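Asks: One structure, pasted below without further comment.
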Amino acid sequence: ELKVEQNPLFLSMQEGKNYTIYCNYSTTSDRLYWYRQDPGKSLESLFVLLSNGAVKQEGRLMASLDTKARLSTLHITAAVHDLSATYFCAVGNGETDKLIFGTGTRLQVFP
Amino acid sequence: EPEVTQTPSHQVTQMGQEVILRCVPISNHLYFYWYRQILGQKVEFLVSFYNNEISEKSEIFDDQFSVERPDGSNFTLKIRSTKLEDSAMYFCASSARGTGGTQYFGPGTRLLVL
């Protein structure tokens with residue numbers, strides 16, 4: 001059974017600081033997705049990573065994938081309050097790419 | 001920008017009643033999914049649907065659940081006899097491709113079973 005673990009589960013950071021969220025998964029996959037969820041809202045796609053060594057950046061967020069280590073990271077640079085949300089990684093599995101989600105990391109950015 | 005829509009946004013029902021959750025996927029998408037999220041927990045896969053049939057389903061998706069694409073635009077999830085533990089946010093998602101494509105999520109239906 002594919003398992004996806006994220007850490008930390010909760011992250012409180014000061015504005016302007018950098019931090020990394022880690023996503024480990026238990027079986028081979030080269031399809032890794034990052035989503036953002038605001039409280040009470042739906043999931044917004046952030047990144048799609050489809051190969052070993054893939055790196056994508058959007059604004060203050062950068063995601064990478066190491067399929068050999070079964071690890072993806074989401075790096076936050078110079079955090080701002082607007083980044084406060086829950087971030088989920090998800091591994092694509094099977095012929096129709098059902099998403100197996102991690103536990104989520106709740107990020108809170110304070111002044 | 002095209003988006004996935006879902007109705008209703010909220011549904012309250014009595015245990016044992018049937019509910020139908022509706023979704024309109026993005027129009028040129030071919031792959032459809034239902035997920036659920038119990039309050040404060042992670043998102044769980046329920047079922048994927050392609051070419052008018054179920055492609056995969058999880059252990060959660062037992063005989064009480066069914067999906068249908070009754071016409072060219074709607075995609076429905078039916079729960080035949082709701083249980084208290086079915087209370088959750090149900091998300092529909094669609095994708096243009098089976099693997100490696102972004103799954104776009106709808107706003108969700110919050111189901112409360114009393």
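The values are calculated or read from the model by the stated rules, or taken from the named source; none is laboratory data. The structure displayed is predicted, hence computed values, not measured ones. Quick reminder, even Gly has a Cβ in these numbers, built from the backbone with ideal geometry, and neighbours come from all protein chains shown. These accessible areas exclude ligands, DNA and RNA; they are computed on the full protein's heavy atoms, side chains included. Shrake-Rupley method; radii C 1.70, N 1.55, O 1.52, S 1.80 Å.
Asks: Return the single residue from A:Arg31, A:Arg70, A:Arg60 with maximal mean-square fluctuation; model: Gaussian network over chain A, springs between Cα atoms under 10 Å.
Replies: Maximum fluctuation in the GNM of chain A, among the listed residues, is at A:Arg60.
Asks: Quick one: the Cα spread of segment B:19-97 along its three principal axes, in angstroms, biggest first?
Replies: 35, 24, 19
Asks: In Å, what is the Rg of the alpha-carbon atoms in segment A:4-110, and how long is Dmax?
Replies: Gyration radius and largest Cα-Cα distance of segment A:4-110: 13.1, 42 Å.
Asks: Give me the accessible area buried between chains B and A, both sides summed, with a 1.4 Å probe, in Å² rounded to the nearest 100. Write down the numbers at each step before the final one.
Replies: Working: alone 6590 and 6290 Å², together 11170 Å².
The contact between A and B buries close to 1700 Å².
Asks: Which of the GluC sites (Glu not before Pro) across segment B:1-108 are loop residues per DSSP, with 16 or fewer other Cβ within 10 Å? Spell out each step's value before the answer.
Replies: Working: sites: B:Glu3, B:Glu18, B:Glu44, B:Glu53, B:Glu56, B:Glu59, B:Glu68, B:Glu85; in loops: B:Glu3, B:Glu18, B:Glu59.
Hits after loop and neighbour filter: B:Glu3, B:Glu18, B:Glu59.
Asks: When chain A is modelled as a GNM with alpha-carbon springs shorter than 10 Å, which of A:Gly94, A:Gly53, A:Gly40 fluctuates the most?
Replies: Most flexible of the set in this elastic network: A:Gly40.
Asks: Shifting gears a bit: Quick one: which bits of segment B:77-101 get at least 50 Å² less accessible when the partner protein chains are in, versus the chain alone, with a 1.4 Å probe?
Replies: B:Thr99, B:Gly100
Asks: Distance between the C-alpha centers of segment A:18-65 and segment B:1-69? Whole Å please.
Replies: Centre-to-centre distance over Cα atoms comes out at 23 Å.
Asks: A further question follows. If Lys and Arg each add +1 and Asp and Glu each add -1, what is the summed charge of the other residues whose beta carbon sits under 15 Å from the beta carbon of B:Asp86?
Replies: With Lys, Arg at +1 and Asp, Glu at -1, the neighbours total -1.
Asks: Over the Cα atoms of the protein assembly as shown, each weighted equally, I'd like the Debye log10 I(q)/I(0) at q = 0.10, 0.14, 0.16 Å⁻¹, rounded to two decimals.
Replies: Reported log10 I(q)/I(0), two decimals: -0.45, -0.87, -1.10.
Asks: Give the relative contact order (percent, whole number) for chain A; include only Cα pairs under 8 Å separated by 6+ residues.
Replies: 36 percent
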